[in-house]
Amino acid sequence: MQELSATAQYFTDSVIRRMTRIAIGCGAINLAQGFPDFDPPKALTDRLSEVSAIGPHQYPITMGAPNFRRALAQKCGRFMGRSIDPENEVVVTIGSTEAMVDTLFALTNPGDKIIMFSPYFENYRAQTLLVGCEPIFVPLVPPTFRFDANVLEDAFKQGAKAILICNPSNPSGKVFTRAELELIAKLAVQYDTYVIMDEVYEHIVYAPHEHVYMNALPGMWERTVSCSSLSKTYSITGWRIGYAIAPKYLMDKIKQYHDFNTVGAASPLMEAAVVGLEMPDSYYEEFGAHYAHMKQVFTKGLDDIGIAYTDPQGAYFVLADIRNFMKKGQDDVAFCEEMAKTVGVACVPGSSFFKEDVPSIVRMHFAKKDDTLYEALNRLADMKAKLA
Ligand SMILES: Cc1ncc(COP(=O)(O)O)c(C=O)c1O
């Protein structure tokens, strides 16, 4: 038989999504893969019911339904503080996941280098390898997750084609400050590097931290692609609607990859999601307040139990220290599988996110109903005894 893909040997299936399958298999509460167990806004589900009767049900315009793109450009332009052209500067994709892959294909050639911070979202390494590029990792050093400007500049000096930044960051919860983004912007201009932003958590930021859009910084629109999605902001991770926003000369290339990769996002779901994009500012305020509440419930519970964790500035994850709970010689993957089965709470091994060796960290998310969080905390309370 002929040889199969050589590229595929450099990455495995996603550990995050594998943990979901394990959680389902053993009935564990899934604090591994980040998705809510509460409903999306009722306005969206009501509109979806209407749309199911009246359509559209056929192929959309490849780049995204025109009314969806108009609403998206309005909403994003409002938050980014610039006018966005729905015809030339937007493409609607199958989640931010597709937007990232299309962007990587559009901006790079095999052999190019891509800078990313470590810890990084699991997808980035696989997606970078998928397009034949080589990641250069720059550490975000716990517990503050700051980076060393000299180490970062060394990475730029290696001739990177692009830097990929998750802001707010999964899994660290870091929200990049304006000064940090300005420094990165300066280096990107100096070394002629594109900037690919993953901003899916743009509306989940805890005061006093604030989300600053890279493409809104002076001189950055021309070299920045902002990838994001409706998954987190409207609690519809299963609808698989994402997008990229970029200047026309980059967008023209991104659209080419999108066109042949997926043809387009689901027509009825785009139609129903327009009502989300048209929500007033108060929606985002209430949404942020809800996440602040869930964070408070979960982190207070961890404090009470005595599990140490990193306090996120944004997104909905904590990195918890499990060194006191692991068996001698056990790795974090085996620990997470045992924890799901024995304690009844699924989380993700830290090794899925770090380039560096971090033997005793797990990621847990708290995008859950209060009752789910209390039940998870209840199960975690006697974790030591259960794992003994
Ligand atoms: C940082 C980050 N980017 C992208 C995604 C995937 O987003 P989407 O559902 O829009 O594909 C996730 C999902 O967990 C994520 O955490």
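Taking Thr12 as the residue in question, decide whether it is hydroxyl-bearing (Ser, Thr, Tyr), exposed (fewer than 13 other Cβ atoms within 10 Å of the Cβ) and in a loop (DSSP other than H, G, I, E, B). Considered against the rule, which asks whether it is hydroxyl-bearing (Ser, Thr, Tyr), exposed (fewer than 13 other Cβ atoms within 10 Å of the Cβ) and in a loop (DSSP other than H, G, I, E, B), Thr12 comes out as yes.
Determine whether Val138 is away from the ligand (no atom under 16 Å from the Cβ) and among the β-branched types (Val, Ile, Thr).
Working: away from the ligand (no atom under 16 Å from the Cβ): yes; among the β-branched types (Val, Ile, Thr): yes.
Yes: the conditions hold for Val138.
Of all residues in the stretch 83-108, none that is not assigned by TED's automatic domain parsing to the domain that holds Gln127 has its Cβ atom under 7 Å from the Cβ atom of a residue that is within 13 Å of the ligand (Cβ to nearest atom) and assigned to a helix (DSSP H, G or I), 6 or more apart or on another chain.
In the stretch 43-71, the residue that is surrounded by the fewest Cβ atoms within 10 Å (Cβ to Cβ) out of those that are hydroxyl-bearing (Ser, Thr, Tyr) and either within 26 Å of the chain's Cα centre (by Cα) or in a loop (DSSP other than H, G, I, E, B) (or both) is Tyr59. Just to be sure, is Ile254 touching a residue at least 60 places away in the same chain (Cβ under 8 Å), assigned by TED's automatic domain parsing to the domain that holds Thr103 and farther than 19 Å from Asp112 by Cα? So Ile254 does not fit the description; no.
Only residues that are charged (D, E, K, R), surrounded by fewer than 23 Cβ atoms within 10 Å (Cβ to Cβ) and not in a loop (DSSP other than H, G, I, E, B) were counted across the stretch 87-113, and they come to 1.
On the given criteria, is Lys113 within 16 Å of the ligand (Cβ to nearest atom) and touching a residue at least 24 places away in the same chain (Cβ under 8 Å)? Spell out how you get there, then give the answer.
Details: within 16 Å of the ligand (Cβ to nearest atom): no; touching a residue at least 24 places away in the same chain (Cβ under 8 Å): yes.
Considered against the rule, which asks whether it is within 16 Å of the ligand (Cβ to nearest atom) and touching a residue at least 24 places away in the same chain (Cβ under 8 Å), Lys113 comes out as no.
Evaluate the following for Leu319: is it of a type outside the set (S, T, N, Q), closer than 25 Å to Val200 by Cβ and out of contact with any Leu (no Cβ under 8 Å at 6 or more places or on another chain)?
Here the answer is yes, as Leu319 does meet what is asked.
Name the residue, out of Tyr257, Tyr234, that is under 19 Å from Tyr124 (Cβ atoms) and not in a strand (DSSP E or B).
Details: Tyr234 fails: under 19 Å from Tyr124 (Cβ atoms).
Answer to the selection: Tyr257.
Would you confirm whether any residue within the stretch 337-359 is acidic (Asp, Glu) and not in a loop (DSSP other than H, G, I, E, B)? Taking every residue of the stretch 337-359 in turn, at least one turns out to be acidic (Asp, Glu) and not in a loop (DSSP other than H, G, I, E, B).
Residue-level check: of (1) surrounded by fewer than 17 Cβ atoms within 10 Å (Cβ to Cβ); (2) part of a strand (DSSP E or B); (3) of a type in the set (A, V, I, L, M), Val362 misses just (1). Go through the stretch 75-99 and report how many residues are of a type outside the set (S, T, N, Q) and within 16 Å of the ligand (Cβ to nearest atom). Count: 9.
The values are calculated or read from the model by the stated rules, or taken from the named source; none is laboratory data. Every value quoted in this text rests on a predicted model; they were computed, and no experiment measured them. Don't worry about glycine lacking a Cβ; one is built from the backbone with ideal geometry, like all the others, and counts go over all protein chains shown.
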